[in-house]
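Structure first, then comments.
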Amino acid sequence: MEYRTLGRTGIRVSTIALGCEGFMYKTAEEVKADFDFAIENGINFVDIYSSNPDLRSHIGFALEGRRENFVIQGHLCTTWENDQYLRTRDPQKTIASFEALLKQLCTDYLDIGMIHYVDAEKDFHTVFDHEIIEIAQRLKAEGKIRAIGMSSHNPTVASMAVKTGLIDVVLFSINPCYDLLPPNEDVDTLWAEESYTNALQNIDPVREQFYTLCEREGVGIDVMKVYGGGDFPLRPGHDTRAGHRICTDASGSGGRHGRLQK
């Protein structure tokens, strides 16, 4: 296994990491077996966007006794209501979900607190001009998160976040297809067939500028949707039991996207 430092955080992570969707609908024992396999093969990093309480608790069970040797990237601004994962910008719901996450994972901190899914400029201002970023900063000051992150599919908005100087890590969608497309606030364009009907050549310049900006500012990038959220076929015989996101800097995961609830 190769390991890389996640930007200026100083956190060392494996270049293959675990997302959380593959653990949905599994028992605690099955999730633990998957983590055993991953750890035996050098994986030390997991991204947890989901607010599903059973999933979170199963991961906490899997990491019992070895949490300190594992890097947890947990998401702020996800909540669980009516058996449904929702994205939220409500401060009270954000805090309640975060505290529940720590309890479910049987830990008192996250290595990376990831502000969840900011693709639109209007939403960026909701997050950074109001209470959400203040909550993240307070949690960092209290030692409950070690680094602040933000997830996005839009390089324009991701660049805006990096330029605030407040973001240490960006979870971003990167693969050879998405890198050809220009920025868009509608994440569905990334996997829409019509997005690829015309000839596309070379990496989109806005995306390239975003990657350069992160490198210059020491902001780590960990990667989601390397396989297009499951749209890209894997080679025959590929074993996906453990890491299923391979990365350029580090690796993360996440599902498609969630409905935004105020």
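Here are the numbers:
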quantity: Net charge of neighbours whose Cβ lies under 13 Å from the Cβ of ASP129, counting Lys and Arg as +1 and Asp and Glu as -1; calculated: -2
quantity: Cα gyration tensor shape for the stretch 1-134, rounded if a/c is under 1.5, else prolate or oblate; calculated: oblate
quantity: Farthest positive-ward along the stretch 1-125 dipole, Cα basis, beta-carbon charges - from MET114, ALA38, LEU101; calculated: MET114
quantity: Global geometry of the stretch 1-61, whether rounded, prolate or oblate, following the gyration tensor of its Cα atoms and the 1.5 cut on a/c; calculated: oblate
quantity: Dipole in debye (nearest 20) - the chain, about Cα centre, beta carbon charges: Lys, Arg +1; Asp, Glu -1; calculated: 480 debye
quantity: Over 25 Å (Cα to Cα) - which of LYS32/LYS140; LYS140/LYS163; LYS32/LYS93; LYS140/LYS225; LYS26/LYS144; LYS26/LYS103 fall in this group; calculated: LYS32/LYS140; LYS32/LYS93; LYS140/LYS225; LYS26/LYS144
quantity: Within the stretch 174-200: backbone nitrogen closer than 12 Å to the VAL206 label point (7 Å, Cα to C-beta); calculated: 181-187
quantity: ARG138-ASP179 FRET efficiency (beta carbon distance; Förster radius 45 Å; 0.05 resolution); calculated: 0.80
quantity: Proximal aspartates and glutamates relative to LYS122, as straight alpha-carbon distance under 17 Å, when same-chain residues fewer than 8 apart are discounted; calculated: ASP90, GLU131, GLU185, ASP186
quantity: Mean Cβ neighbour count within 10 Å, used as a protection proxy, ranking 187-195, 74-82, 35-43, 152-160 highest first; calculated: 152-160, 74-82, 35-43, 187-195
quantity: Cα point-scatterer Debye curve for the chain, base-10 log of I(q)/I(0) at q = 0.10, 0.12, 0.16 Å⁻¹; calculated: -0.45, -0.66, -1.25
quantity: Cα-centre dipole for the stretch 119-182 with unit charges at Cβ (Lys and Arg positive, Asp and Glu negative), debye to 20; calculated: 240 debye
quantity: Extension gain, THR189 back to LYS122 (0.36 nm per residue minus Cα-Cα distance, nm); calculated: 22.3 nm
quantity: Nitroxide proxy distance, nm - points 7 Å out along Cα→Cβ at GLU131 and GLU64; calculated: 3.5 nm
quantity: Compactness relative to 2.2 N^0.38 Å, alpha carbon Rg of the stretch 23-94; calculated: 1.18
quantity: Length added when fully stretched, GLN84-GLU30, from 0.36 nm per residue minus Cα-Cα; calculated: 17.2 nm
quantity: Cβ-placed point charges (K, R +1; D, E -1), dipole of the stretch 62-136 about Cα centre in debye, nearest 20; calculated: 180 debye
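Only the coordinates and a few stated rules stand behind these numbers; no lab work does. Here the structure is a predicted model, which is why all the values come from computation and not from measurement. So basically every Cβ, Gly included, is an ideal-geometry build from the backbone, and we count neighbours across all protein chains shown.
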